[in-house]
Amino acid sequence: MNYYKIQGMKRYRKEKKESFFSKIVNFILTIIIACAIGSQVCTAANNNLRIAQVSDAHFSSFEDNTSYKFLKKSGDLLNDVIFQINTSGPYDFVIFTGDLINVPKVSELEIFTSHVQNLIYPWYAIDGNHDISIDGPLTKRKFLDVLSNVNDNMNQKNIYYAFTPKKGFRVICLDSIIDYKLTANGEISNEQFLWLQEELTKYENDIVIVCTHVPIIEPYSSSSHKMLNEYEVRKLLKTHKNPIIVLQGHYHTTKIKQDDNMLVISCPSLVTYPNAFRVINIHSNKNRTLVDVYLKETNLKDIQARSKMRLMGSERLYGDENDRNASFKLGRKE
């Protein structure tokens, strides 16, 4: 074998060895980079909370439309929202902020849950004034029982409850409904007030999301619908130094108000124009919390148009652009 052939074979073996070594190094570097990127993505995801808020669905299986509620299509509107949520995720959870049904009947709530079971994300609910009967079978305890039969998340001791969807976030679900007399006003009971105080103290370093049917801050004035002890509840919430996001319903309107470290988001109704729900993205870091709020209108545009025609002053319920889609910065209050 001549000299050049021997040298060529040595060079080939050397290049092949270097090529194999390079592949190993590149593979290891790729794994390291992928892990680093994955770690950053996971860290970012852990600092994020994505919520879908659905309010005042007023589901009815038998009623005709009223002057402002499109009840005959309540099932179709609910199914559309469920479809939108399932196809636009991921979500950490979905919260129904009261008035799930229009008439407080056990059978109606059971039919409502048969629709909501199609959600692919965890869901929770609080009661509204239309959900609880006065001297009827659908008591607050029965409301919880019906929901817990199909949803383990609702297997709660009390109708007011709290949970931690992710480290650094605490969700507090209030019961703002008066069940000892017929009224659209609300209140937070003394027992619940003390419990809320304990929650705020225990989770003083967390971002708190408060869910309530009757508003803590009214989107517009209504003496017949307001929370009777709203001032005391609001004063208590203001003792919390970290950001607070309040998700509320009842007034069927699209409104957002910021008060220092508190952001109050009012959600419209499914059966009243604009027939919409909310998406709330919360991103937290050490210095500030960014909250992006979106209004998601129904895809059933014919129903939406007909619903709008039934209303006077639909503009107030639709809100301004900053009430529909906007971003907010919340800091820790010193």
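Here are the numbers for this structure:
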quantity	calculated
Single match in TYR294, TYR273 (criterion: among the aromatic types (Phe, Trp, Tyr), at pLDDT 95 or above and part of a loop (DSSP other than H, G, I, E, B))	TYR273
Of residues in region 235-268 being under 22 Å from SER222 (Cβ atoms) and basic (Lys, Arg), the one surrounded by the most Cβ atoms within 10 Å (Cβ to Cβ)	LYS255
Test: ILE172 is assigned to a loop (DSSP other than H, G, I, E, B) and in the same structural domain as ASN118 (by TED's automatic domain parsing)	no
Region 257-266, residues that are outside any strand (DSSP E or B) and either among the aromatic types (Phe, Trp, Tyr) or in contact with a Leu (Cβ under 7 Å, 6 or more places away or on another chain) (or both)	ASN261
Count - residues of region 175-186 that are within 16 Å of CYS211 (Cβ to Cβ) and either in a loop (DSSP other than H, G, I, E, B) or touching a Ser or Thr at 6+ places or on another chain (Cβ under 9 Å) (or both)	3
Residue in region 67-78 that is within 18 Å of ILE51 (Cα to Cα), touching a strand residue (DSSP E or B) at 6+ places or on another chain (Cβ under 9 Å) and in the same structural domain as PHE163 (by TED's automatic domain parsing) present	yes
Matching entry among ILE134, ILE178, ILE111 (being over 30 Å from LEU330 (Cβ atoms), aliphatic (A, V, I, L, M) and modelled with pLDDT under 95)	ILE134
Enumeration of residues in region 94-152 that are of a type in the set (Gly, Ala, Ser) and out of contact with any His (no Cβ under 6 Å at 6 or more places or on another chain)	SER107, SER114, ALA125, SER133, GLY136, SER148
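The values are calculated or read from the model by the stated rules, or taken from the named source; none is laboratory data. Everything numeric here is computed off the predicted structure, so don't read it as measured data. Here Cβ is always computed from backbone atoms with ideal geometry, including for glycine, and neighbour counts include all displayed protein chains.
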